[in-house]
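Structure incoming, see below.
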Amino acid sequence: MGELKKAVQFAQTGHPPDVVEIVDMETDPVGPGDVLLDVEAAAINPPHLLTLAGGYGVQPELPAVPGGEGIGMVVAVGDAVTDVKLGERVMIPLYSGGCWRQQIVVPAERVTVKFPPEGDPIQLSMIMANPPAAWQLLNTVVDLEPGDWVIQNAANSAVGNYLMQLASIYGFHTVNVVRREGLEDQIAEARGDICIVDGPDLGERVKAATNGADIKLAVDAVGGEATQHLADSLAEDGVIVSYGLLSGEPCSLSPKDIIFRNVRLQGMWTSKWLQGRGSTPESRAAVYDELRGYILDGRLSARIDATYPLAQIKEAVTHGMNQRDGKVIILPNA
Ligand SMILES: NC(=O)c1ccc[n+]([C@@H]2O[C@H](COP(=O)([O-])OP(=O)(O)OC[C@H]3O[C@@H](n4cnc5c(N)ncnc54)[C@H](OP(=O)(O)O)[C@@H]3O)[C@@H](O)[C@H]2O)c1
């Protein structure tokens with residue numbers, strides 16, 4: 001029998017804090033091609049909460065361990081493994097079977113992103129989804145040149161922060177739409193140019209704030225009326241890319257914008273990119289190399305509101321669902 005380690009498990013979907021529980025779980029055997037990881041840090045992100053609630057694009061068979069992204073230290077290596085070494089710090093691969101647990105066994109061939117020992121494990125633990133999402137939003141939807149403007153909503157989210165930081169590296173200007181007052185300093189800290197509160201007159205206020213700049217790209221994490229507000233701010237032929245379901249409402253977009261101004265609405269899902277839609281193993285490795293470099297030199301980071309040990313998973317999940325000032329991180333071996 002393998003060693004018993006603590007893990008979070010959910011046997012049904014529902015209100016996230018009610019469905020998560022701590023269980024003792026036997027660690028899988030380490031096969032010849034596997035590595036065993038001690039999970040150092042794992043973020044609680046909106047998709048994980050949606051999965052617990054039963055509303056995400058891919059739902060696991062239950063019971064399941066939640067958590068889709070994190071960082072782990074290699075503590076055992078299968079006999080046939082040559083590319084991954086004991087003591088290396090690595091990104092936990094996508095769809096590894098849930099990483100809100102103390103230990104996880106993964107096939108070594110799926111370990112594609114490694115980190116130097118000196119990096120901040122909490123910042124590095126978030127590299128899998130949000131930084132490439134920001135990268136994709138800026139690099140794969142429309143052709144942008146230095147000096148171009150981009151508008152985004154939910155700008156104080158982690159993706160929003162990464163997007164502002166990346167845009168500033170690339171020389172793009174950003175209009176950053178938030179849903180509440182008092183976030184100007186946070187937006188400026190993330191090198192965003194303009195911070196503006198959402199509302200039905202967003203288009204007019206954006207035109208005034210940017211001196212009528214032609215905005216080619218709008219990045220929408222919210223949906224509902226917020227989509228139309230972005231459309232009102234966009235130039236003719238502009239593109240809205242929808243990548244989040246935060247309001248839970250269908251994206252609202254007037255046919256007048258679609259027909260007379262050729263405004264287009266499209267989607268973006270990083271999971272598909274990770275599985276090869278619009279990417280190859282080599283191109284993904286190049287993107288992660290770029291992003292890891294920015295995280296290590298401090299140009300890319302997410303705000304952290306709190307860290308929790310595994311034992312406090314219900315409090316952690318509740319915190320993650322509430323309004324907060326950054327990410328909630330689980331430290332399974334703390
Ligand atoms: N498509 C993809 O591939 C992809 C990849 C990564 C992330 N995402 C999505 O990106 C979004 C942001 O993720 P994250 O991890 O960066 O989020 P996060 O850091 O947890 O922040 C959540 C953000 O959502 C805002 N928010 C919550 N409910 C809202 C509502 N009803 N209306 C407007 N704003 C609302 C919050 O604003 P307050 O601070 O005011 O509460 C906060 O800015 C999520 O929807 C996530 O699923 C999608």
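Just so you know, all these numbers are worked out from the coordinates, no wet-lab data involved. Here the structure is a predicted model, which means the values were calculated and not measured. Here the Cβ is made from the backbone with ideal geometry for all residues, glycine too, and neighbour counts use every protein chain on show.
Excluding residues fewer than 8 places away in the same chain, name every one of the lysines whose C-alpha is closer than 17 Å to that of Lys207.
Lys216
In addition: Just Met128, Met73, Met321 to compare: in a GNM of the chain, with alpha carbon springs under 10 Å, which one fluctuates most?
Fluctuation is largest for Met321.
Still on this structure, please answer the following. With an 8 Å cut-off on Cα pairs and a minimum separation of 6 or more residues, tell me the relative contact order of the chain in percent.
Computed over the chain, the figure is 18 percent.
For the chain, with only Lys/Arg (+1) and Asp/Glu (-1) charged at the beta-carbon, what is the dipole magnitude about the Cα centre, in debye rounded to 20?
Dipole size: approximately 200 debye.
If you count the DSSP beta bridges with both ends in the chain, what percent of them are antiparallel, to the nearest 5?
55 percent
Next question. Can you give the calculated 222 nm mean residue ellipticity of the chain, where each DSSP H run of n ≥ 4 adds -39,500 (n - 2.57) and the sum is split over every residue, rounded to the nearest 500 deg cm²/dmol?
Calculated from helices alone, the mean residue ellipticity at 222 nm is -8000 deg cm²/dmol.
Let me ask you something else. Quick one: net charge of Val81's neighbours, Cβ under 14 Å, K/R +1, D/E -1?
Every neighbour counted, the sum reads -2.
Past 19 Å, Cα to Cα, is the threshold; run Lys85/Lys114; Lys6/Lys314; Lys6/Lys327 against it and keep the listed order.
Where the Cα-Cα span goes over 19 Å, the pairs concerned are Lys6/Lys327.
Around Ala43, under 10 Å between beta carbons, what's the net of Lys plus Arg minus Asp minus Glu among the other residues?
Cβ neighbours under 10 Å give a net charge of 0.
Shape of region 22-155 from its Cα gyration tensor (a ≥ b ≥ c, root eigenvalues): rounded if a/c is under 1.5, otherwise prolate when a/b > b/c, or oblate?
Oblate, because a/c is 1.5 or more while a/b does not exceed b/c.
Using 5 Å bins from zero, what percent of all Cα-Cα pairs in region 236-278 falls into each bin?
Bins of 5 Å from zero give 6, 18, 22, 19, 17, 13, 4, 1 percent of pairs.
Quick one: Cα centre-to-centre distance for region 272-334 and region 164-231, in angstrom?
When both Cα centres are located, 23 Å separates them.
To continue, here is another question. Under the rule a/c < 1.5 gives rounded, and otherwise a/b versus b/c splits prolate from oblate, where does the chain land using the Cα gyration tensor?
It comes out prolate by the Cα gyration axes.
Please label the shape of region 130-272 as rounded, prolate or oblate, based on the square roots a ≥ b ≥ c of the eigenvalues of the alpha-carbon gyration tensor (a/c under 1.5 means rounded; beyond that, a/b larger than b/c means prolate, else oblate).
rounded
Please compute the length gained on full extension between Asp18 and Arg303, using 0.36 nm multiplied by the number of residues separating them and subtracting their Cα-Cα distance.
Here the segment from Asp18 to Arg303 would lengthen by 100.0 nm.
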